[in-house]
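Take a look at the structure below.
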Amino acid sequence: MFKTKLGRSIRWKLVLVYVLLVFIATTIIGVFLTSQLESYYTNSIERDIVNTVNEGGLTSSFAAYDNLQDNAEEISTNISSWGVGLGQEIYVVDSAMNIIAATSDVQGRSALDFLDCDVILSAISSGARAQSFSTISLSEKSLQVMNVVFPIENDAGKSLGALYVRADMSSVRESVNESGSIFIKAMLLALAITIVLGSIISSSITRPIKDVTVKAELMSEGDFSQEVSIRSEDEIGQLASMFNILRIKLNDTLSQIENEKNKLEAVLRHMADALIAIDLSGNITHVNQAALDLLGLSGELYKDTEDLPPYDELIGGISKDLQLSKLVENCKDEAASDVFEYAGKTFAVRYDKYQEESGDDTGILMIIQDITERQKLENMQMDFVANVSHELKTPLTTIKSYTETMLDGMVEDPATQQQFLGIIDTEADRMNRLVKELLQLSRMENKQEQWSMKEMNLLPLLENAVKKVELTATTKNQQLNLLFNAEERLPIVADRDKIEQVVLNILSNSIKYTQEGGRIDVDALRRDRNVFIIVADNGIGIPEDELGRVFERFFRVDKARSRAMGGTGLGLSISKQIVEEHGGSIEIESKEGRGTKVTISLPLAPSAIRGERLAD
């Protein structure tokens, strides 16, 4: 682990670089200095030998001889005295390679056995000083020596032999080795200092980088509160400054992305339309709650899209036309749409392919919308237009026919003319009521109706409404019974005229659809915080399959009877709107052939509720 950390750490890499640089530099310097020192010592010894020989005239003293062998004793005497002065070994060799004289006991022997003959021959043949290095073996050790050879010539220029000087180089080698040892110790000390200083210097460089690395790692985990300290204005300081700027900008950008993502997720999660994204392999990559509900899947069970079954497996039970292969084929050139029915509802689906940045198709995105209510509304609108047209056509046709008859002069009898005019007036009144009721219904639906809300007692309003229809009920021998106690008080906050309109409409319907001699009961009572108006009759009733449509516009249970009695088919629709605007509700219970019961619920006036609280 330490080796791995050491190999990956830039700090130790920098220290290693420092150490290598110092090591290489000191090695080069050491080698150079050692070489120069050795060269200096060698040249110094050679220079001393040359100067001594030349200045002392040792070679020139042999110039008077014609033959070295004949003067061997004299030469030996001179050599002995010179050897003491030089402190080196001196040999005089003739041209036959015989040792004529020497400072050691080898006189008269061949130079081939003791000396470097190559350097002797080089000096004799060239007539110039020659030099060489060699190693001689002693009893206990080997000794490095330097050989300096001077040619010997007489005055006539004849080569007589050579003066061979051999100097001991062991002291030079010892000095060089000692210097090398000292230098190695100095180099090791320098390397140790370099490691310490390099560690300190590299630490000052890597510490900010390590700080940036640690903060970057925390940022990668989602913590953007980190800030790097700026300790200098160099490149490292600029890096730290740029990191802090990057952190701020990245934090802002990610916050914006997160906000947009949350908005998008909220929109997709709460949108009423089903959204499904499918890749080209048939896997569902995204689905919202509306889609899960449509597919009959539990959001708790399928929190991750990876847990969802393949798309074709899910959609197969809904519509075969929505198989993935068909979707891909249909939206190959442009977006496509379709309509299908499922579970008693109608759905509209729109889908198109989506692509990657490279332009390659990635999958299909589809939106499924429940258009059941919209289609129902469209059908109701068409029915409404048809009904309005029909309702207006009948009185208009009647008015047109009677008017043309009178204009053509075909009716001369004043009584008949009065009858025709009465019919025209009746049909005109019918159209006028229809238009007024349509306008009123439109105003209420568009929240444009003017309301005059005041606290009032409901019971006098009911009595007054009953009195207005009492004559009509009497003409049909119907019993109109008030079951409530008129002395009581049922306070409500309401628009008096509008509530009276509702009550009159309900009473009129009961009278219309109750046979002669029938019974109509009107009651009012209070339950908890609501007031109830109940109108019950024993009339023809409403078929069960039509009971849910009684509040639709222009709906009539008995169309012929309703038109004959001047009904428009809008009364119950208007009544329902008025009651709901008062915060109440209206319900109808009916059995065909047994009668109908209408229950209107209205909130009790707040003053009555407060009074009860004070009384308690």
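Checking the structure you have, find out if any residue of segment 447-465 is within 23 Å of S607 (Cα to Cα), modelled with pLDDT of 90 or more, open to solvent by less than 40 Å² (accessible area, probe 1.4 Å) and assigned to a strand (DSSP E or B).
Yes, some residue in segment 447-465 is within 23 Å of S607 (Cα to Cα), modelled with pLDDT of 90 or more, open to solvent by less than 40 Å² (accessible area, probe 1.4 Å) and assigned to a strand (DSSP E or B).
Working carefully through the options V267, V228, find the one that is surrounded by 11 or more Cβ atoms within 10 Å (Cβ to Cβ) and within 24 Å of the chain's Cα centre (by Cα). Give the steps one after another, and end with the answer.
Working: V228 fails: within 24 Å of the chain's Cα centre (by Cα).
Selected residue: V267, the only one of V267, V228 that is surrounded by 11 or more Cβ atoms within 10 Å (Cβ to Cβ) and within 24 Å of the chain's Cα centre (by Cα).
Can you say whether N530 is of a type outside the set (A, V, I, L, M, F, W, C), modelled with pLDDT of 85 or more and closer than 26 Å to S442 by Cα, as far as the supplied structure shows?
No; evaluated as a whole, the condition is false for this residue.
Considering segment 348-364 alone, what residues qualify as being at pLDDT below 85 and touching a helix residue (DSSP H, G or I) at 6+ places or on another chain (Cβ under 9 Å)?
Within segment 348-364, just D361 meets the criteria.
If we only count strands (runs of 3 or more DSSP E) wholly inside segment 466-537, which ones have 2 or more residues that are buried (at least 20 other Cβ atoms within 10 Å of the Cβ) and touching a helix residue (DSSP H, G or I) at 6+ places or on another chain (Cβ under 9 Å)? Step through it out loud before you land on a result.
Details: elements: 479-482, 491-495, 519-527, 530-537.
Strands (runs of 3 or more DSSP E) meeting the threshold: 491-495, 519-527, 530-537.
Are any residues in segment 258-289 at pLDDT below 80 and either hydroxyl-bearing (S, T, Y) or closer than 19 Å to V339 by Cα (or both), and if so, which ones?
Of everything in segment 258-289, just one residue is at pLDDT below 80 and either hydroxyl-bearing (S, T, Y) or closer than 19 Å to V339 by Cα (or both), namely A272.
Taking the options L239, L254, L301, name whichever one is open to solvent by 30 Å² or more (accessible area, probe 1.4 Å), of a type in the set (A, V, I, L, M), modelled with pLDDT under 80 and assigned to a helix (DSSP H, G or I).
L239
Do you know which residues across segment 436-465 are out of contact with any helix residue (DSSP H, G or I) (no Cβ under 9 Å at 6 or more places or on another chain) and within 16 Å of G571 (Cα to Cα)?
Matches in segment 436-465: K436, L439, S442, R443.
Keeping to segment 411-428, report how many residues are in a helix (DSSP H, G or I), of a type in the set (D, E) and free of Cβ contacts under 8 Å to residues at least 12 places away in the same chain.
So the answer is 1.
Residue pairs, Cβ under 6 Å, 6 or more apart or interchain, first in segment 431-452 and under 21 Å from V493 (Cα atoms) and touching a residue at least 12 places away in the same chain (Cβ under 8 Å), second of a type in the set (D, E, K, R) and open to solvent by less than 60 Å² (accessible area, probe 1.4 Å). List them.
Qualifying pairs under 6 Å: W451/D495; S452/D495.
Starting from segment 55-68, take each residue that is within 20 Å of N98 (Cα to Cα) and list its partners that are at pLDDT below 70 and open to solvent by 40 Å² or more (accessible area, probe 1.4 Å), counting only C-beta distances under 9 angstrom and pairs at least six apart or across chains.
From segment 55-68, the pairs are L58/W82.
Scan segment 571-583 and report the pairs whose first residue is within 16 Å of N446 (Cβ to Cβ) and whose second residue is acidic (D, E) and open to solvent by 50 Å² or more (accessible area, probe 1.4 Å), with Cβ atoms within less than 9 Å and a gap of 6+ or a chain change.
That search, which allows pairs on different chains as well, returns S573/E552; Q577/E445.
State which residue is most open to solvent (accessible area, probe 1.4 Å) when the search covers only segment 205-217 and only residues that are of a type outside the set (A, V, I, L, M) and under 14 Å from L239 (Cα atoms). Explain how you work it out, then say what you get.
Filtering segment 205-217 down to residues of a type outside the set (A, V, I, L, M) leaves 206-208, 210-211, 213, 215, 217.
From what is left, the residues that are under 14 Å from L239 (Cα atoms) are 206-208, 210-211, 213, 215.
Numbers: T206: 17, R207: 122, P208: 16, K210: 138, D211: 32, T213: 79, K215: 35 Å².
Only one residue tops the list, namely K210.
Which one of E233, E217, E260 is under 30 Å from L16 (Cα atoms) and within 22 Å of the chain's Cα centre (by Cα)?
That would be E217, the only listed residue that is under 30 Å from L16 (Cα atoms) and within 22 Å of the chain's Cα centre (by Cα).
The values are calculated or read from the model by the stated rules, or taken from the named source; none is laboratory data. Worth saying up front: this structure is predicted, and the values here are computed from it rather than measured. Glycine gets a Cβ as well: all are built from the backbone with ideal geometry, and neighbour counts include every protein chain shown. Just the protein is used for accessible areas: all its heavy atoms, side chains included, with ligands, DNA and RNA removed. Shrake-Rupley method; radii C 1.70, N 1.55, O 1.52, S 1.80 Å.
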